[in-house]
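Each value in this text was obtained by applying a stated rule to the coordinates, not by laboratory testing. Every value quoted in this text rests on a predicted model; they were computed, and no experiment measured them. Cβ placement follows ideal geometry from the backbone for every residue including glycine, while neighbour counts extend to all protein chains displayed.
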Amino acid sequence: MGPRRHRPEVAIRAVTWTVRAVAGAAAPALFALVAVTSLGSAQGRVDASAIAAAVRSSADSIARSAPPISTYRSPADSLTSVRTRLAADRDGDLRVVVSLNDRQLWAIIGPDTLLAAPIAVSTDETLEYAGKSWRFETPRGVRTVIAKKENPVWIPPEWHYAEVAREHGLKLAAMTAGKTVLSDGRVLDVRENQVGVVDATTGGFAYLPTDEEVIFDSTLFIPPVGTLNRRIEGQLGRHMLDTGNGFLLHGTPDKASIGTAATHGCIRLRDDDIAWLYDMIPVGTRVYIY
């Protein structure tokens, strides 16, 4: 995600890197692309940057279709995975079971599988910016559906603003209603739950758009929680199941992310799959993540 409103390398280098990064049956096809690229470059009839982009796209497709490799964050994480899977197998009631390594979700009752769906899981990466750090992990263990929402609105955590600020080379600061003074004397304030600017000369107040980040003086200001500027519609899709502590099962407008490690901790699903869960999984259902 970026604000609401790359130089390609030489083709042969991009192709060579891709061949090294993708193993198995994909390699012969990519070596063939190297040959075509070299020939085309010699004859001056091939756009090197276009070929490099095409190869990167092909590699992304291959990576998404390849089976994920089982990984664990620590011995304790591995043990939690085993215990959670055993607990899910022993449970005979309606339950949701999630495999982070397989990037799959199942809705099961007794021995019967009612739904099998691909998912997007956490990146397991750390963001460090402005003296703070955030770890993006989907936690393994047993959780419970504590709430469900239709057309949910996302309240961005602080890390969202840190990501945007880092991407655009901005400073980061939390906004304090009525006390955030800008370099030209204007003041950021909140009126009727919306951020606006008070003119230093006239005292007039002008609301800021709610679908744009609040950026002044090369600084991204984090709007107060509860304001209309601290809401993003559509980011969670049409349905959401809440398992507590900010870990959600939800839809996404980023359809290509399904089946990959792409989230900040939540589990993303396709529209039809999360709609099925919303309709069929009641509050109180256990969710086993292993």
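The criterion of at least 1 residues that are under 30 Å from R83 (Cβ atoms) is met by the following strands (runs of 3 or more DSSP E) wholly inside region 113-215: 125-129, 132-136, 141-144, 147-150.
Within region 178-194, restricting attention to residues that are surrounded by 15 or more Cβ atoms within 10 Å (Cβ to Cβ) and touching a strand residue (DSSP E or B) at 6+ places or on another chain (Cβ under 6 Å), the residue that is nearest to R268 (Cα to Cα) is Q194. Given the structure, is A200 under 34 Å from the mean Cα position of the chain (by Cα) and surrounded by 12 or more Cβ atoms within 10 Å (Cβ to Cβ)? It is false that A200 is under 34 Å from the mean Cα position of the chain (by Cα) and surrounded by 12 or more Cβ atoms within 10 Å (Cβ to Cβ).
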